[in-house]
Structures are given as C-alpha cells and as structure tokens.
1. Where nothing but the Cβ of Lys and Arg (+1) and of Asp and Glu (-1) is charged, how large is the charge dipole of the stretch 2-162 around its Cα centre, in debye to the nearest 20?
2. How would you order 4-11, 31-38, 55-62 from highest to lowest mean count of nearby Cβ atoms within 10 Å?
3. Which of these, Leu21, Leu128, Leu40, has the largest mean-square fluctuation under a Gaussian network model of the chain (Cα springs below 10 Å)?
4. Can you compute 3J(HN,Hα) from phi for each residue in the stretch 127-135, using the Karplus curve 6.51 cos²θ - 1.76 cosθ + 1.60 with θ = phi - 60°, rounded to whole Hz and x for Gly and Pro?
5. Who wins for biggest fluctuation among Val13, Val138, Val91 in a Gaussian network model of the chain, springs between alpha carbons below 10 Å?
6. Ignoring ligands, DNA and RNA, what accessible area per residue does the stretch 2-162 give at 1.4 Å, in Å²?
7. Top mean-square fluctuation among Ile161, Ile137, Ile108, Gaussian network model of the chain, C-alpha springs under 10 Å?
8. Tell me, what ³J(HN,Hα) does each residue in the stretch 63-75 have, in order and in whole Hz, if you take phi through Karplus 6.51 cos²θ - 1.76 cosθ + 1.60 with θ = phi - 60° and put x for Gly and Pro?
Amino acid sequence: MKIRWNALLNFLVFLAVLMLLAGFQTTFWFQLFGNVPSPLLWLNLIVYMILYRKPFPAIFTIYAMGFILLTFTAMPLKMMWISLIILFTLVYAIKSRVFWSGSGYYTIMCAFSAVAYHLIYFFGSMVLEKNPASFEIVDRLVQIILTPSFAFPMYWLLAKIDKITQDELVHEPGGLEL
C-alpha cells in the first residue's frame, strides 16, 4: 500500500492549526478582550473539514480533532464526539443538497454550525449528563455572532494550507451545485 505523504502532512498541519486556534481561543482571547466570550474558531476548522473532505476521512479527522480538543475543555469525550458526529451529519446533509465552493458558502455553513452546535450540545447535555450545561443565553449568542465573523479569513488560510499540502483539493459537491 502506497503511503500518501501529502495527505499525512495535510492531516498533521491541520491538527497543529487546531491546537493553535484552540489555544488562542482559550487563553489569548481573554487577555485581549476580557470577559467577552471567545468565538469557536475550532468549529470553523471542523466545518472546513466537513465541506472539503470526503466523508470517511472527514469523520476520522473530526474524531482526532475532538480528542485533541479535550485538552482545552472540561467537556467529556462522549459529549464531544456525539456533538461532532451529529454536527457532521447535519452539515453533510445540507452539503449533499446544496453546495458551492467559496468563502460565502463556508461562512453561511459556519453560522449554521455555530447555532447547531450550541443546540446539539445543550440538549445532548440535558439527556446524557447528570449535571447538564447551563443555558447562558448571552454567552452563546455572542459566540454564535463571533464564530462566523472569523470564517472569511480562516477560509483563506485553510485553503492556502490545502493548496500547499495536498495534491488536489477535494470538492465533492452534492445535489445542486451553484
């Protein structure tokens, strides 16, 4: 079996980017902006993986990213993985119906994912945990607003990384391509 070094390099670079984004979100953001909730920058990276990877490599990458994110949160592994796989299913279902390549679609999907992730996590926590997550409407709304606002520069950065570390970009459109 031939090892695809570009795919491995791409995978490792994206894991490093994930750690940088999560580190920025959990430490440096609060040094700059105080008590303002940080955007879910790692969620934008996961949305990029869902949109621009084939399903099985995307799931594998998302599970690896979820495992790495555990070092940055107090969330249990079951909640992380269940939330991410449900989010994958929702975003992939939309992608299989309507897809166009570019930063506009990516930003729309990041906004959808920010809302969906908070709903999935909140209701999943109510069902699966003894001490469910608190509602905290203001914090969640600020994160939902801030997360897609970082999508455009992140798309540019992630597309550059893909261009450098992969043989070809994987754009697997679904039903209606615009």
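1. Charge dipole, the stretch 2-162, about its Cα centre: 560 debye, nearest 20.
2. 55-62, 4-11, 31-38
3. Leu128
4. 7, 9, 10, 5, 10, x, 5, 6, 6
5. Val138
6. Details: 8230 Å² over 161 residues.
Result: 51 Å² of accessible area for each residue.
7. Largest GNM mean-square fluctuation: Ile137.
8. Result, rounded to whole Hz: 4, 5, 5, x, 5, 5, 5, 4, 6, 9, 9, 9, 5.
The values are calculated or read from the model by the stated rules, or taken from the named source; none is laboratory data. All values derive from a computational prediction rather than experimental measurement. Heads up, the Cβs are rebuilt from the backbone with ideal geometry, glycines too, and the neighbour counts pull from every protein chain shown. Each accessible area value is taken on the protein alone, full model and side chains, heavy atoms only, with ligands, DNA and RNA left out. Shrake-Rupley method; radii C 1.70, N 1.55, O 1.52, S 1.80 Å.
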